[in-house]
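Here's the structure, in structure tokens; my notes come after.
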Amino acid sequence: MRVSRRNLLFVLLFVGGIILPTAILSFLSFRNIQNEVYLAQKNFNESVSSFQSEIEDAVEKEQNKIFQETKAASLFLYEQPQGLLDFSHATEFKSVDGIEAIFLFNEGKLIYPDLSSRILFKQAHFSKAVPSIQDKILFQEELQGFKDSTAQKIYLGKRSRSLRPTSFFFETKDEQTQNILGLIRFYYNAKKYDEALELLSILEQFPHLQGYLHADLTRSINMLHFEILVRQHKHQEAQDYCLSILSQFLEKQDIEDISSSRFFFENAFTQILSFENLPQDKRENFWNLRENFNRQLRYTDILHRHRNLFSELLNDDNSKNGISYKNSDEISLLKMSFPFLSGDQVVIVKIDKDTFQHRIINKLSTIVQTWKNMPFSITDKNGNLILGSIPESAPIIAQHSLSEVMQWEFVLYEKDMQDIHKETTHRMFLMYGLMLFALITVILGSFFMFRFITQERKLLSMKTNFLSSVSHELKTPLTSIKMFAEMMARGRLQKAEKVQEYSTLIGKEASRLENLIGAILNYTRMEHGTGAFKWEKLDLSICAKKVFDAVEDIGVEKGLTFYTHFEPNLFVMGDYTALYSLAQNLIDNAIKYTNAPGDITVDVRSEEDWVVFSVADTGIGIASSEQKNIFNDFYRVGDEMTRSTKGSGLGLATVKRVAETHKATISLVSKPGKGSTFTVKFKKAE
Ligand code: ADP
């Protein structure tokens, strides 16, 4: 293909405008990666220290935040009147994420939870274990004040029962109790609730009967009593009864049965809250009471179990910024005093390790994400990995403890050179891949665009060629017809032979016109698809012979010799008009492009499952570079100026389309100067 100046410009534009900038950009990005990696290596040590301080700051900040929240929660508790065990404030209690329980002290005395003072008071052995002035203050009994305030707030149901146990004959207390319990069980099962209640009242009113009983049993008796009242729908009585037991519980000098009491009150309060006819204000009161009471019992339980550690921490003066810690395997305690609080206020909290840890890790994770590939590890005191990863053999750069509360170990490792190398090669490969992809896309894009444009231009020129050739083809016979007709009309022709000669010429020119128009019509018929086809089983030899008979004279006149072979009964499925035009175009071309003296062979034969139609000539032949183009629409070899043979460039395009619609194959063997053979193979009809 000749490269025109315009095409050259196009190529230059592509190379200069797309390929070159892409290549330069790729090269620059490639260099950039190299620089980046170099800088990463160089700056690693500097990054390490900023990473380290960012991690430390984050831990410190989050811890301080928890301390501040704890302080706010503690201040709220300090501001409440003594004895939070009342009908309000529960909703205002501020819980802190990461803190499980809060204990308040003022001048060494426990202020909250206020149940606790009485528990500790009874632990005689404890005061011996850690004797100190503060301990003594801690054990001071606050009960009187507590009782007064509670008594005002709790309405105690006055129950008057005058049952006497004399109707029973008991030998010993043990047997008496066993018998009463047995009877209660019997009545309860028999749903004789009143009788069961009477017996229960005996046990409750005469504590000596159950004096030796385990605290758990006392609570069971309370539970049963309460349960029966609920079953009898005596809701008001049930409420009063629960409050009276609460009052008794608070009046007791020592509280040992924390877990059984907790179970009773939890259960009783929950049932009361489920009473449908409970007025809204009472419901709120009971809800507050339950929350406050449960919380206090829970905290008291903690204090009770870890009293030694609490006492040690209270005596500990080694606080840093008002904060000190005590850790055991089970519990982590934290003491906060001045400057977090005022005066002699001291707060001890039990840390909820899981949520505390979770809060800090959340903060650290966001930092770690911005420092990708930083080799570090955070482990707890048992060596469990909390964050980061422990490399197999990288040397340690820095190691220190992190968060006194959590007792973590923070370790920074040397960056593995192999890691950097791996990272580089990975990025290089990615870059190479991208570069290659970009280049291939650009080159392919350019190629297809170039092809598309040249094809468009070729088509345009072919159409122009066609128009000029067709108009010429139409004009020449028309001029001759007009001229001969005019001469005949003027009556100048005296001789009869001349009139006959002119008439014959007019007829010839007219049939030339007819042929050309026929070719155009045929082509457009093919263009519109096979919709107009009439499919039938037909003998291809007969069809080809018809064509041959029609054009033989033209060839003979030109001085050509014909050889034909029409094997009979070769049936194919097809449209007669389409197959006729296929044969006509091939034989016409053979005649057109063969100069005398020359031979033309038209052959229809059978070959296995195929019917083979071939037209061979000894004409001008077709150059191999042109062989694939000649089947294109409007394509003609050479240009209009150099071509002596007239045509439309639609003949072989029509042949190709007919063959395609009949699922036939076309082959061409041709050599310039030697001749051409066109062969079309049709599938035999069944
Ligand atoms: P047309 O003959 O009207 O130009 P065709 O589509 O029939 O158009 O043929 C396309 C081109 O193929 C012709 O212009 C001619 O150059 C070439 N050609 C077709 N048949 C032959 C043949 N038998 N021998 C040599 N050249 C041929």
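The values are calculated or read from the model by the stated rules, or taken from the named source; none is laboratory data. Everything numeric here is computed off the predicted structure, so don't read it as measured data. No Cβ is skipped: glycine too gets one built from the backbone with ideal geometry, and neighbour counts run over all protein chains shown.
Sort through L521, L540 and tell me the only one that's closer than 30 Å to D633 by Cβ and crowded, with 17+ Cβ neighbours inside 10 Å. Steps first, answer last, please.
Details: L521 fails: crowded, with 17+ Cβ neighbours inside 10 Å.
After ruling out the rest, the residue left standing is L540.
Among the residues of segment 449-499, how many are among the charged types (D, E, K, R) and under 24 Å from I520 (Cβ atoms)?
7
Suppose the filter is more than 16 Å from the ligand (Cβ to nearest atom) and among the charged types (D, E, K, R); does E486 pass it? Even if it seems obvious, please write down each step before you answer.
On the way: more than 16 Å from the ligand (Cβ to nearest atom): yes; among the charged types (D, E, K, R): yes.
It is true that E486 is more than 16 Å from the ligand (Cβ to nearest atom) and among the charged types (D, E, K, R).
Search segment 352-378 for residues being surrounded by 18 or more Cβ atoms within 10 Å (Cβ to Cβ) and of a type in the set (S, T, N, Q), and hand back the single one that is nearest to F51 (Cα to Cα).
Among those that are surrounded by 18 or more Cβ atoms within 10 Å (Cβ to Cβ) and of a type in the set (S, T, N, Q), it is S377.
Return yes or no: is I630 in a loop (DSSP other than H, G, I, E, B), more than 60 Å from the chain's Cα centre (by Cα), within 12 Å of the ligand (Cβ to nearest atom) and farther than 22 Å from S541 by Cα? It would help to see each step written out before you state the result.
On the way: in a loop (DSSP other than H, G, I, E, B): yes; more than 60 Å from the chain's Cα centre (by Cα): no; within 12 Å of the ligand (Cβ to nearest atom): yes; farther than 22 Å from S541 by Cα: yes.
Against the criterion (in a loop (DSSP other than H, G, I, E, B), more than 60 Å from the chain's Cα centre (by Cα), within 12 Å of the ligand (Cβ to nearest atom) and farther than 22 Å from S541 by Cα), I630 does not qualify.
Which numbered condition trips up P81, out of (1) modelled with pLDDT of 85 or more; (2) more than 30 Å from G388 (Cα to Cα); (3) touching a Ser or Thr at 6+ places or on another chain (Cβ under 8 Å)?
Going through (1) modelled with pLDDT of 85 or more; (2) more than 30 Å from G388 (Cα to Cα); (3) touching a Ser or Thr at 6+ places or on another chain (Cβ under 8 Å) one by one, P81 breaks only (1).
Identify the single condition in (1) at pLDDT 60 or above; (2) outside any helix (DSSP H, G or I) that L163 does not satisfy, given that it satisfies every other one.
Of (1) at pLDDT 60 or above; (2) outside any helix (DSSP H, G or I), only one is false for L163: (1).
Output the number of the condition that G638 fails; it satisfies all remaining conditions of (1) surrounded by 14 or more Cβ atoms within 10 Å (Cβ to Cβ); (2) near the ligand (Cβ under 8 Å from one of its atoms).
In the conditions (1) surrounded by 14 or more Cβ atoms within 10 Å (Cβ to Cβ); (2) near the ligand (Cβ under 8 Å from one of its atoms), G638 misses (1) alone.
Sort out which residues of segment 643-686 are more than 16 Å from Q584 (Cα to Cα), within 13 Å of the ligand (Cβ to nearest atom), part of a loop (DSSP other than H, G, I, E, B) and of a type outside the set (K, R), and write them in order of number.
Correct list: S644, T645, P672, G673.
Any residue in segment 357-376 that is in a strand (DSSP E or B) and in contact (Cβ under 8 Å) with a residue 40 or more places away in the chain? Outline the logic, then answer.
Initially, segment 357-376 is screened for residues in a strand (DSSP E or B), giving 376.
If we keep only those that are in contact (Cβ under 8 Å) with a residue 40 or more places away in the chain as well, we get 376.
Checked against the condition, which is being in a strand (DSSP E or B) and in contact (Cβ under 8 Å) with a residue 40 or more places away in the chain, segment 357-376 yields at least one hit.
Inspect segment 426-448 for any residue being within 16 Å of the ligand (Cβ to nearest atom), part of a helix (DSSP H, G or I) and surrounded by 14 or more Cβ atoms within 10 Å (Cβ to Cβ) and give the result as yes or no.
No, that holds for no residue.
Considering segment 607-624 alone, what residues qualify as being within 14 Å of the ligand (Cβ to nearest atom) and over 60 Å from the mean Cα position of the chain (by Cα)?
As a first pass, look at segment 607-624 and keep what is within 14 Å of the ligand (Cβ to nearest atom): 614-624.
The answer is S614, V615, A616, D617, T618, G619, I620, G621, I622.
Please name all residue pairs, on different chains or six or more residues apart, with Cβ atoms under 7 Å, provided the first residue is in segment 635-647 and is at pLDDT below 70 and the second residue is near the ligand (Cβ under 6 Å from one of its atoms).
R643/R636
Go through segment 423-461 and count every residue that is over 24 Å from L25 (Cα atoms) and without any contact (Cβ under 8 Å) to a residue 12 or more places away in the chain.
The total comes to 8.
Looking at segment 230-347, what helices (runs of 4 or more DSSP H) fall wholly within it and have at least 2 residues that are in contact (Cβ under 8 Å) with a residue 60 or more places away in the chain?
Details: elements: 235-251, 258-273, 280-305, 307-315.
Helices (runs of 4 or more DSSP H) meeting the threshold: 235-251, 280-305, 307-315.
Condition first: touching a Gly at 6+ places or on another chain (Cβ under 8 Å) and among the polar types (S, T, N, Q). Now tell me which residues in segment 340-356 satisfy that.
Within segment 340-356, just T355 meets the criteria.
Out of segment 302-331, which residues are loosely packed, with under 12 Cβ neighbours inside 10 Å and small (G, A, S)?
Matches in segment 302-331: S328 only.
When the residues of segment 555-606 are filtered to those that are aliphatic (A, V, I, L, M), without any contact (Cβ under 8 Å) to a residue 60 or more places away in the chain and more than 14 Å from the ligand (Cβ to nearest atom), which remaining residue is surrounded by the fewest Cβ atoms within 10 Å (Cβ to Cβ)?
Let us first name the residues in segment 555-606 that are aliphatic (A, V, I, L, M), namely 556, 560, 570, 572-573, 578-579, 582-583, 586-587, 590-591, 596, 600, 602, 604.
This time we only want the ones that are without any contact (Cβ under 8 Å) to a residue 60 or more places away in the chain, so: 556, 560, 583, 587, 591, 596, 600, 602.
Retained after the next criterion (residues that are more than 14 Å from the ligand (Cβ to nearest atom)): 556, 596.
Values: V556: 13, A596: 11.
Per the stated criteria, the residue is A596.
Only residues that are at pLDDT 85 or above and farther than 17 Å from K350 by Cβ: list them for segment 311-339, please.
If the condition is that a residue be at pLDDT 85 or above and farther than 17 Å from K350 by Cβ, then no residue fits.
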